[in-house]
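What follows is a single structure, written as structure tokens, with notes after it.
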Amino acid sequence: MATPRIALITGASSGIGLATVARFHADGWQVLATVRKPQDAARLRAQFPGAQVLEVELTDRAAVARVVGDALAQAGGVDLVVNNAGASIIGAAEELSLDDFRAQLDINLLAAIQVTQLALPYMRARGAGRIVQVSSGFGRIALPMFSAYCAAKFALEGFSEALACEVAPLGIAVSIIEPGTVATQFDRNRREASGYRVDGPYAALYRAMRARLATSHERGPSLPEDVAAVIHTAATAHRPALRYTVGKLGLAASLAARFTPDRLRQYAIGRMTRAD
Ligand SMILES: NC(=O)c1ccc[n+]([C@@H]2O[C@H](COP(=O)([O-])OP(=O)(O)OC[C@H]3O[C@@H](n4cnc5c(N)ncnc54)[C@H](OP(=O)(O)O)[C@@H]3O)[C@@H](O)[C@H]2O)c1
């Protein structure tokens, strides 16, 4: 029997991460999944026999180095890394504290970079491997009230593009996944800017954006399983693409980023999100 391929998937407690674990586990991969709460770890161990569940807070650099580093060393390598864990915050740039920005960069960018760096030596040694970064339509198009989240996701995309060029000659492929709206707990888990005030100068725009997000959910979001299927394609395609979109909004963001002039795009976004 062939040795199973090994996939490390972060943010496996819910949503896209959980669906991705289910997808790869069902496909016979050896799954290493990260969660941060003991009750999630217990649930996943029961749900996916044979999967190795790692309990780690991904913004704790020392813990990641120890827990993920040890797991990779024990497994003797890894074929696929899916950097999926992420979180968002809503609020005007002026009302977000530097700590708000730091926290966004910590989970959406630095955690993915650290996990990638831990995996690369094993992939280089084998001359093969796949890195899949779960970005967002917000990694291509920036909307008001999302400066911190967009800063992190745009940065993740820049990091991943540069990395893709560096590691392609070593047999390692990097893919970026750009979902639009996905039916998960993500919106409910979203934090609010530390300095947000209901009577503040951006309150009307804030409410307009919240309403717009609610509408985009009503219009039929993608399912986490749809994103997991695209991640599976990126992991198994003979020649994976650098970018994959998921859902209508993911595609729209990608097309708008690639094909609309800045002025037109900023005008359209301004109209779409205006506060009146
Ligand atoms: N849902 C959407 O509409 C959408 C659209 C585009 C892109 N995305 C991207 O998809 C990815 C997954 O999100 P989702 O929609 O599946 O949302 P989700 O259900 O809220 O899942 C987020 C996952 O990230 C984990 N996580 C968050 N902060 C963490 C931290 N500091 N340390 C360790 N783990 C942490 C969460 O763990 P806990 O359960 O412990 O909090 C959870 O497992 C994110 O990168 C997000 O940016 C989502």
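A short reminder: the numbers here are calculations on the coordinates, not readings from a lab. Computed from a predicted structure; not experimentally measured. Positions of Cβ are backbone-derived with ideal geometry, glycine not excepted, and every protein chain shown enters the neighbour counts.
Cα centroid separation, segment 244-265 to segment 9-38: 29 Å.
With Rh defined as the Kirkwood radius, the inverse of the mean 1/r over Cα pairs, the Rg/Rh of segment 148-239 is 1.08.
Evaluating 6.51 cos²θ - 1.76 cosθ + 1.60 at θ = phi - 60° for every residue in segment 74-89, the Karplus couplings come out as 5, 6, x, x, 7, 8, 9, 10, 10, 7, 10, 4, x, 8, 10, 9 Hz, glycine and proline recorded as x. Per residue, the Cα convex hull of the chain amounts to 133 Å³. Since only Ala204, Ser222, Thr184 are under comparison, the one whose Cα sits farthest along the positive direction of the charge dipole of segment 140-264, derived from C-beta charges on Lys, Arg, Asp and Glu, is Ala204. Loop-resident trypsin sites (Lys or Arg not before Pro) (DSSP state other than H, G, I, E or B) in segment 108-138 with no more than 15 further Cβ atoms inside 10 Å of their Cβ are absent. Annotation: amide H-H contacts under 5 Å for Gly129 (H modelled 1.01 Å from N, sequence separation of 5 or more, or interchain): Ala173. Length gained on full extension, Asn189 to Gln74: 38.1 nm, using 0.36 nm per residue less the C-alpha separation. For the chain, the 222 nm mean residue ellipticity estimated from helices alone, with every DSSP H stretch of n ≥ 4 adding -39500 (n - 2.57) and the total spread over all residues, rounds to -15500 deg cm²/dmol. Here the contact order of segment 6-272, divided by its residue count and restricted to Cα pairs under 8 Å and six or more residues apart, works out to 21 percent. Of the trypsin sites (Lys or Arg not before Pro) found in segment 236-276, those that fall in a DSSP loop while having at most 13 other beta-carbon atoms within 10 Å are Arg274. Applying the Karplus relation 6.51 cos²θ - 1.76 cosθ + 1.60 with θ = phi - 60° to segment 149-156 yields 3J(HN,Hα) values of 5, 5, 4, 6, 6, 4, 5, 4 Hz, where x marks Gly and Pro. Relative to the longest principal axis of the Cα atoms of the chain, the long axis of helix 15-26 makes an angle of roughly 20 degrees. Computed over segment 176-276, relative contact order equals 49 percent, with contacts defined as Cα pairs under 8 Å that lie 6+ residues apart. Label sites at Ala211 and Ile269, each approximated as a point 7 angstrom past Cα along Cα to Cβ, lie 2.1 nm apart.
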